[in-house]
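Written below as structure tokens is the structure these notes are about.
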Amino acid sequence: MTLKKPKKYLILIVGPTAVGKTSLSIKVAKNLQTEIISCDSRQFYCELEIGTAKPSQEELDQVPHHLINSRSIHENYDVKKFEQDALAILDKLYKSKNLVVMTGGSGLFADAITNGFDPIPEIPKEIREELIDQYERLGLKYLQDELLQADSEFMKVADIQNPNRLMRALEVFRGTGKPFSSFRNKALAKRNFETIQIGVEMERKALYDRINQRMDLMIDKGLFEEAEKFFPLRHLNALQTVGYSEVFGYLEGEYDREEAIRLLKRNSRRYAKRQMTWFKRNPKINWFEAGDEDGVLKYIQAQLMG
């Protein structure tokens, strides 16, 4: 493809879980003869397979992927470190390519690349220690209730089953007096590339059916057995997420297997809804129906040539 001028472009493909981002991204990357960077915060961890819905090995072999399986669950990997890593990969790829694809369902991580963040002041460690103590004594709902009062905007899009995400937002609020959401996107970071942002969506019932089917497939592949293997490590941040926390509750005897499956599906559907809430607020995202690969490619070509 001949570009109008040798600009550098990032093709960002986002959307809810199970909507078909992986297959679309691979087709786009192959068409543009480029590579893919993941901005899915669940897929960085090399130990986790079934519960994170990573691309299959066959899919990974079709196009070079970056950051999938790049970290261990024992590492503390946050959005700031991701921003540094992803920008370094982009700089390297742009030496030989004008186009790179990035895809994932983690809005916070996608925003880190397209927009950057206002710097957050260093928070006294005593605040996090107090939050950990309160979480251990009072439970997840305590964190959810306080954050709902402190930062209702972030609660609309956060993974509310992840206590570490909630504690991070609360420690910022307690330490600065400002909602965590107020630090997002106030001043756009200067980037040496332009971003073409594409969203993939699907009618809600069809998407929820796909999510339920995907969860059944994960269970058949051994999700419960995978979660049981990591049960002794359930305190790690990487494991405190939808797809694992529900099975941990079952293993702790809080409810039976049937209820665990119901929660897995319900929480995955709720996660997809929060993802869409996050992405729909971004007016720069151009939306396409799942399966409209030709429409996406035509749109990208028009943007590159326009």
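Report, in debye and to the nearest 20, how large the dipole of the chain comes out about its Cα centre when Lys and Arg carry +1 and Asp and Glu carry -1 on their Cβ. Intermediate results must be reported in sequence, preceding the final value.
Numbers: 47 positive and 45 negative charges, 306 e Å.
Dipole about the Cα centre, nearest 20: 1460 debye.
Once the Cα-Cα distance is subtracted from the 0.36 nm per residue extended length, the Ile120 to Lys7 segment shows a gain of 37.5 nm. Under a Gaussian network description of the chain, with springs only between Cα atoms under 10 Å, the residue in Leu24, Leu131, Leu170 that fluctuates furthest is Leu131. Per the Debye formula with a single identical scatterer at each Cα and no solvent contribution, what log10 I(q)/I(0) holds for region 125-183 at q = 0.28 Å⁻¹? Taken in order of the listed q values, log10 I(q)/I(0) reads -1.24.
Taken along the Cα-to-beta-carbon direction at a fixed 7 Å, the label points for Ala302 and Glu289 span 1.7 nm. With a Förster radius of 30 Å applied to the beta-carbon distance between Asp61 and Ala206, the computed FRET efficiency rounds to 0.55. Of the cross-linked pairs Lys92/Lys221; Lys54/Lys229; Lys27/Lys284; Lys95/Lys125, those separated by over 30 Å at the C-alpha level are Lys92/Lys221; Lys95/Lys125. Here the gap between Ile127 and Lys80, fully extended at 0.36 nm per residue and compared with their Cα-Cα distance, gives a gain of 14.9 nm.
Computed over the chain, the per-residue total of -39500 (n - 2.57) for DSSP H runs of n ≥ 4 gives a 222 nm mean residue ellipticity of -15500 deg cm²/dmol, rounded to 500. Take every DSSP beta bridge whose two residues both sit in the chain; close to 5 percent of them are antiparallel. With the simple model of a label 7 Å out from the Cα in the direction of the Cβ, Lys141 to Arg270 spans 1.2 nm. Each listed q (0.15, 0.21, 0.26, 0.32 Å⁻¹) maps to a log10 I(q)/I(0) for region 79-126 from the Debye sum over equal C-alpha point scatterers, namely -0.49, -0.80, -1.04, -1.23. According to the square roots a ≥ b ≥ c of the eigenvalues of the Cα gyration tensor, what is the shape class of region 72-193, taking rounded for a/c under 1.5, prolate for a/b larger than b/c otherwise, and oblate for the remainder? Prolate, since a/c reaches 1.5 and a/b exceeds b/c.
The modelled label-to-label distance between Tyr255 and Arg281, using points 7 Å beyond Cα along the C-beta direction, is 2.8 nm. When the square roots of the Cα gyration tensor eigenvalues are ordered a ≥ b ≥ c, the ratio a/c for region 108-264 is 1.5 or more and a/b does not exceed b/c, which makes its shape oblate.
Centre-to-centre separation between the Cα atoms of region 43-77 and those of region 107-153: 25 Å.
Loop-only check: which GluC sites (Glu not before Pro) in region 119-164 are DSSP coil with at most 15 other Cβ within 10 angstrom? Those that pass, being in a loop and sparsely packed, are Glu122.
Each reported figure results from applying straightforward, stated rules to the coordinates on display, with no laboratory input. Model, not experiment: these values are computed from the prediction. Ideal geometry is used to build each Cβ from the backbone, glycine not excepted, and the neighbour counts take in all protein chains shown.
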